[in-house]
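The values are calculated or read from the model by the stated rules, or taken from the named source; none is laboratory data. Note that the coordinates shown come from a computational prediction; the quantities given were computed from them, not determined experimentally. All Cβ positions, glycine included, derive from the backbone under ideal geometry; neighbour counts span all protein chains shown. Heavy atoms of the whole protein, side chains included, go into the accessibility calculation; ligands, DNA and RNA do not. Shrake-Rupley method; radii C 1.70, N 1.55, O 1.52, S 1.80 Å.
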Amino acid sequence: MNADGRTRLNRTPEWTALAKHREELGESGLRELFAADPGRGAGYTLQVGDLYVDHSKHLVTDETLRLLRELAAATDVFGLRDAMFRGEKINVTEDRAVLHTALRAARDAVIEVDGENVVPAVHAVLDRMSAFANRVRSGEWAGHTGQRIKNVVNIGIGGSDLGPAMAYEVLRAFTDRDLTVRFVSNVDGADLHEATRDLDPAQTLFIVASKTFTTIETITNATSARDWLLTELKAGQEAVAKHFVALSTNAGKVAEFGIDPDNMFGFWDWVGGRYSFDSAIGLSLMIAIGPDRFREMLEGFRIVDEHFRTAPAESNVPLLLGLLGVWYGNFHDAQSHAVLPYSHYLSKFTAYLQQLDMESNGKYVGRDGQEVDWQTGPVVWGTPGTNGQHAYYQLIHQGTKLIPADFIGFAEPVAELSDGLRAQHDLLMANFFAQTQALAFGKTPEEVRAEGVPEELVPHKTFKGNHPTTTILARELTPSVLGQLIALYEHKVFVQGAVWNIDSFDQWGVELGKVLAKRVEPALTEGAEVDGLDESTKVLVAKYRELRGR
Ligand code: F6P
């Protein structure tokens, strides 16, 4: 029994039924599943918004999916979902509501936190952001010396960086190409140096993005950026107002830093950092693509929110994707999950998902405070195809690990490509389809022999197949489709956290390292004796000081 009176997940009849079913399925593979059901290719597909989701190449039967849905019902995934959408404080360890869905709610929606409708405030910030973005884009907003802003540098880390940095890449074709937009996150001074070394400070706007406005990396980089700007412009503090804006929930700290509160765009404690990119944190993207495109993206999020909130279990795509992850992580011992976009523009998409998924579900303590004794969040990884094919796909095809993968592709290349480059799209997508085919069905020893391969090479050239993949296909990559994709993964992560009974919205695991870094720093700089430094770290610190000539 859990501390909250629930039966331990892995002792529920639904879990036990899945374990038994897994045994019964044995090693029966995808060739057999397709042979048994000729309609599987078309039948195992769902549609949400513009996303066509094919799950036919999974090691599941109708019975598997039914049993997984029963597990979802037993763990009350939809009950928790409804509580989230209602604004209840489902982030139990921080006693907070979880309302990123309110960030994209329609203007006339009513969503209450502590009895107050939060939607008007969301739209008020969006309107202020739109007005500001338009002023920057039109040149009406001038820098301290009166010059037009041509460069935008977002300074933030984690959820205050990964979302806008990813989306700026994804939507490059929709951006104002006369603007240079860069993202600085690392406390390694090289990051800020490389981002600013060729910029004219008189034409540069810094956006300091930090929910808490206490994150050491961001405040350090913002301070260095301010020093750079004032030194280069030979100006006093008054120049800050024209070159720095803040995105934060902490008005006090923003003012302390010297940014005019009029130049702050706020959000709220019910928006988690990794769920914040469609809040004020998206300002750099909004400046790049313009407010109309940004709102199209929000509408994309909303399509999937509505689907997740209302679609029945059988056709609910985030539910399905979440449950498939449970199936592999808990019943097939899969340790990781690959996300492999076949779009160069999605080059930072998987890095974004790493925070979304791993910071949310990388937990070994349940919502009830008890340790779980089942696997929780997977390692999420991947890079765009076709590059990965020439690097690590070997291990996915013939390694000893089961790695479920999502393949994301588009029917149309991005419109602005030349005809010649557009023609390359079919080759890209031929690889996309070929890979999932090879992963699923492999190549038998008989097929290899039939090609005249010498017997000693037959085992090497055999592909066992049965590597499960989801194919997500859309017509083209638009702001709305990006919103749909992100919301799809947000809700997938939600489903898994709900099944595993963990709080997907806190992140206590990042705290210890932050505290220790603060403690170690004086040992590096001043050679100070630091209490509680372990023997190994002491030796490393001494070596570091020696190498730095201290
Ligand atoms: O350290 C982890 C974290 O708290 C993330 O959850 C968050 O997205 C990131 O740091 C940045 O935090 P902030 O926006 O408060 O600077």
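Among the residues examined, Ala225 does not qualify as closer than 23 Å to Leu179 by Cα, within 14 Å of the ligand (Cβ to nearest atom) and touching a helix residue (DSSP H, G or I) at 6+ places or on another chain (Cβ under 9 Å).
Within the option set Ala190, Ala202, Ala133, being away from the ligand (no atom under 16 Å from the Cβ), hydrophobic (A, V, I, L, M, F, W, C), over 24 Å from the mean Cα position of the chain (by Cα) and under 22 Å from Gly483 (Cα atoms) holds for one residue only, Ala133. Of all residues in the range 492-533, those satisfying the criterion of being open to solvent by less than 90 Å² (accessible area, probe 1.4 Å), away from the ligand (no atom under 16 Å from the Cβ) and either over 35 Å from the mean Cα position of the chain (by Cα) or hydroxyl-bearing (Ser, Thr, Tyr) (or both) are Ala523, Thr525, Gly527, Ala528, Val530, Gly532.
Can you work out which of the residues in the range 205-217 that are in contact (Cβ under 8 Å) with a residue 60 or more places away in the chain and within 19 Å of Met129 (Cβ to Cβ) is most open to solvent (accessible area, probe 1.4 Å)? Here the answer is Lys211. Filtering the range 276-286 to residues that are polar (S, T, N, Q) and more than 13 Å from the ligand (Cβ to nearest atom) leaves only Ser284. Does Gly115 satisfy being open to solvent by 40 Å² or more (accessible area, probe 1.4 Å), more than 16 Å from the ligand (Cβ to nearest atom) and on the phi < 0 side of the Ramachandran plot? When the stated conditions are applied, Gly115 does not pass them. In summary, Val152 fulfils each of the numbered conditions (1) assigned to a helix (DSSP H, G or I); (2) more than 16 Å from the ligand (Cβ to nearest atom); (3) hydrophobic (A, V, I, L, M, F, W, C) with the single exception of condition (1). What residue, among those in the range 349-381 that are open to solvent by 20 Å² or more (accessible area, probe 1.4 Å) and touching a helix residue (DSSP H, G or I) at 6+ places or on another chain (Cβ under 6 Å), is farthest from Phe331 (Cα to Cα)? Checked the range 349-381; the qualifying residue farthest from Phe331 (Cα to Cα) is Gln355. The set of residues in the range 403-451 being open to solvent by 40 Å² or more (accessible area, probe 1.4 Å), farther than 28 Å from Thr175 by Cα and touching a residue at least 40 places away in the same chain (Cβ under 8 Å) consists of Asn431, Phe441.
Among the residues of the range 305-315, at least one is open to solvent by 10 Å² or more (accessible area, probe 1.4 Å), touching a helix residue (DSSP H, G or I) at 6+ places or on another chain (Cβ under 6 Å) and in contact (Cβ under 8 Å) with a residue 60 or more places away in the chain.
For the range 472-488, enumerate the residues that are in contact with a Leu (Cβ under 9 Å, 6 or more places away or on another chain) and within 23 Å of Gly41 (Cα to Cα). Hits for the range 472-488 are Ile472, Leu473, Ala474, Leu485, Leu488. Evaluation of Leu482 against the conditions (1) open to solvent by less than 60 Å² (accessible area, probe 1.4 Å); (2) farther than 18 Å from Pro384 by Cβ shows that the sole unmet condition is (2).
Taken as a whole, the structure leaves Leu59 outside the set of residues that are surrounded by 21 or more Cβ atoms within 10 Å (Cβ to Cβ) and assigned to a helix (DSSP H, G or I). Can you tell me which residue in the range 246-275 is farthest from the ligand (Cβ to nearest atom), limited to those that are part of a loop (DSSP other than H, G, I, E, B) and charged (D, E, K, R)? In this case the residue turns out to be Asp260.
Residues to consider are Ala241, Ala235; find the one that is over 20 Å from Leu179 (Cβ atoms), open to solvent by less than 50 Å² (accessible area, probe 1.4 Å), away from the ligand (no atom under 16 Å from the Cβ) and outside any helix (DSSP H, G or I).
Only one candidate qualifies: Ala235.
Scan the range 276-294 for residues that are in a helix (DSSP H, G or I) and in contact (Cβ under 8 Å) with a residue 12 or more places away in the chain and the total you get is 13. Take the residues in the range 155-180 that are away from the ligand (no atom under 16 Å from the Cβ), of a type outside the set (Asp, Glu) and more than 17 Å from Leu346 (Cα to Cα), then tell me which one is nearest to the chain's Cα centre (by Cα). Within the range 155-180, the match that is nearest to the chain's Cα centre (by Cα) is Thr180.
In the condition set (1) touching a helix residue (DSSP H, G or I) at 6+ places or on another chain (Cβ under 9 Å); (2) free of Cβ contacts under 8 Å to residues at least 12 places away in the same chain; (3) part of a helix (DSSP H, G or I); (4) under 23 Å from Gly483 (Cβ atoms), Asp108 is compliant with all but (3).
Taking each residue of the range 44-68 that is acidic (Asp, Glu) and looking for partners that are assigned to a loop (DSSP other than H, G, I, E, B) with beta-carbon atoms closer than 9 Å, six or more apart or interchain, yields Asp50/Arg475; Asp50/Glu476; Asp50/Thr478; Asp54/Tyr44; Asp62/Asp37.
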